[in-house]
Each structure stands twice: as structure tokens, then as C-alpha cells.
1. Send over the semi-axes of region 211-299's equivalent ellipsoid, whole angstrom and largest first, taken as the square roots of 5 times the C-alpha gyration tensor eigenvalues.
2. Dipole of the chain, Cα-centred, from +1 at each Lys and Arg C-beta and -1 at each Asp and Glu C-beta, to the nearest 20 debye?
3. Using DSSP, restrict attention to beta bridges with both residues in region 148-259 and report what percent are antiparallel, rounded to the nearest 5.
4. Which residue, A181, P159, L192, has the largest displacement toward the positive end of the dipole of region 151-193 when charges sit on each Cβ (Lys, Arg +1; Asp, Glu -1)?
5. For region 80-126, count the residues as N, evaluate 2.2 N^0.38 Å, and divide the Cα radius of gyration by that value, please.
6. Assuming R0 = 51 Å, can you tell me the calculated FRET efficiency for the pair R27 and A135, based on Cβ-Cβ distance, to the nearest 0.05?
7. Mind checking the log10 I(q)/I(0) for the chain at q = 0.09, 0.14 Å⁻¹? Debye, one equal scatterer per Cα, no solvent, two decimals.
8. Along the charge dipole of the chain, Cβ charges K/R +1 and D/E -1, which of T140, F220, A52 sits furthest on the positive end?
Amino acid sequence: MNRREVLKALAATTVAASTAPRFLYARQPYTFGYAAITWGGNDRQAMADIEAVGFRGIQLRTSAVTAFGDRPNELEDLLARHRLTMVALSSGNLGLDPALEVEEMERHTRHAKFVRDVGGLYLQIVDTRPRRAIAPADYTAMGKRLTDLGKRTADVGIPLGYHNHMNSLGEAPDEVDRILAATDPRFVKLELDIAHYQQGGGDPVAAIKKYGSQILFLHFKDVESRTPAPGQDPRAGYRFVELGRGRVDLPGVVAALGVVGFKGWIIIELDAVPDRARTPKESAEINRRYVTEKLGLIV
């Protein structure tokens, strides 16, 4: 067994050794991780806190590439010491500007290689919405570009997840559908963010049932409505909050996951701490308690 296999075996053993009863774990076919975004680029602290709260997976951002890009083994060792699996890397945006196509493709392919070298699992992409009137052909073009990128990441052994997102081309449910319809599902999967989907005008429960077999992993997340400022776009009246404090039907989401038989990773994400009196770790603890006490699940 080589070094990489030892580290992955350690991560798998850690998950299996949960303090929860074995029969409960056997009935839950997915594992919860946590996103480092709440820590604002302080990834070392994020890893320490996420481990301490009890999660066994992490999603990192490009700050990790900046810090460890030329030393992936150092990050791999750090993750192993914290008993964390690197579930995904948020690789940034992919647009339709022909002048940026080569640079963006090369950058995201490098990121996929970084994920592979760290022992991670997936690459996440958000699309860039053109700053002009949207044409039907844009959705087809984005689907094709995502497929081209997905072929490249597949060549290095890393699946590509497309992240639906507010203010992107794939914001509203029909836009997400158009983009996915234009992709090759062998190379592009959906990284469904249930709070962004809700805020974009959709029903996350229905989305899970619709896209079940296409879902690579999920962002488990909540969003509350806020009153927009005068003259502000009504869609801007929202804020991401800890689980159970917004309007996403989280129990319904869990039920839908059971219906479609989802297996894999679910990443709990909170973009920023909504109450400045709390720390990112304290918000993570609130989220963990909601999952374990309100939903009766295991992290």
C-alpha cells in the first residue's frame, strides 16, 4: 500500500469509527463535510476547527492553491493529520469570453491536478454570467464549455461538478436546466447548492428528485429573506444563515435524498457568519447540532 492509499484508508477508517451506533451509520449512505469559505482564507484554522467540531471532510477554495500549489504533499499531510478528506476545491469561474477561454481552461485543469495530487475528490465550477442580454445560444455554449473542461479534468482523474449560483448564467431553475441539457453527463455533474437554488426561484426538493442521478455532491445550506434597500434588485434581499434559520425545507431535502438514493458527500456551507458576535467555529457547531439533533443524522 502506497502513501496515498494509507491516507485514504485513514480517512475512511475515521468516518467508520464515528461515535454513532453502527446500525445508524449503515442506514445513512452519505457523509457530511464542511466548507472552509466561512474562515475567509484562513485554511489552517478552518481545518483545525472543522476537525474539532467533528466533520471528516472539507471543501477548500483557491486560497489553498495559493498557499500549497507547489507543495501539494504538505497539504495532503496536513489534511491527514486533521483526519479530513478534501472533498472538493472551489476552482472559480468559467465564462464565455473567447479571449479568456485558453487561460481559464488551463487554470482549472491545473487546479484539477492539484486536487488529484492532494488526494481530493472533485472540482467545483461556477459559471460567469455575461454582462449583456442573454441569448438562448449562451446556455448551449456554456454546456459545451463545461463539457470540454470536464473531459480535461476526467483525464487527470477528477470529476467536475457544476455549481448553480446566484448572479450566474445558471441562476434560475430553467437556466440550470438549459445548461445541464447542453452538457455531456459523462463529464459534467451537478453540484447542487440547495440555498442558491431556493433563492433563484426553485424548489430544492424538486431539484433533487429531478437531477438525482446527475448530482455529484451537494451544498447543504440555508437562506433567509431580507428587505432590499430602496432601488435594490428584489433578488438581492437575502442572506445565508445557519441551518434551520432560513426558509429551505431541509427535512424535505433529506427525504428527497432518500427517494433518489443519493450516496456520497454533502458539504455544509455558510459563506460568512451572519452574526458577528459568533466565530466560524461556533456557526459550524450550530450547523452540526441542527444536523444531528433536528434531522437525526450523523456527521
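1. Working from the Cα gyration tensor, I get semi-axes of 25, 18, 11 Å.
2. Charge dipole, the chain, about its Cα centre: 660 debye, nearest 20.
3. DSSP beta bridges in region 148-259 are roughly 35 percent antiparallel.
4. Working it through, the farthest residue towards the positive pole turns out to be P159.
5. Numbers: Rg = 12.6 Å, N = 47, 2.2 N^0.38 = 9.5 Å.
After normalising by residue count via 2.2 N^0.38 Å, the value is 1.33.
6. Efficiency computed from Cβ-Cβ geometry: 0.60.
7. -0.42, -1.08
8. Value computed over the given set: A52.
Taken together, the values in this text are just the output of simple stated rules run on the coordinates, not laboratory data. Computed from a prediction, not measured in an experiment: that's the story for all the values here. Glycine also receives a Cβ, built like all others from the backbone with ideal geometry; neighbour counts cover every protein chain displayed.
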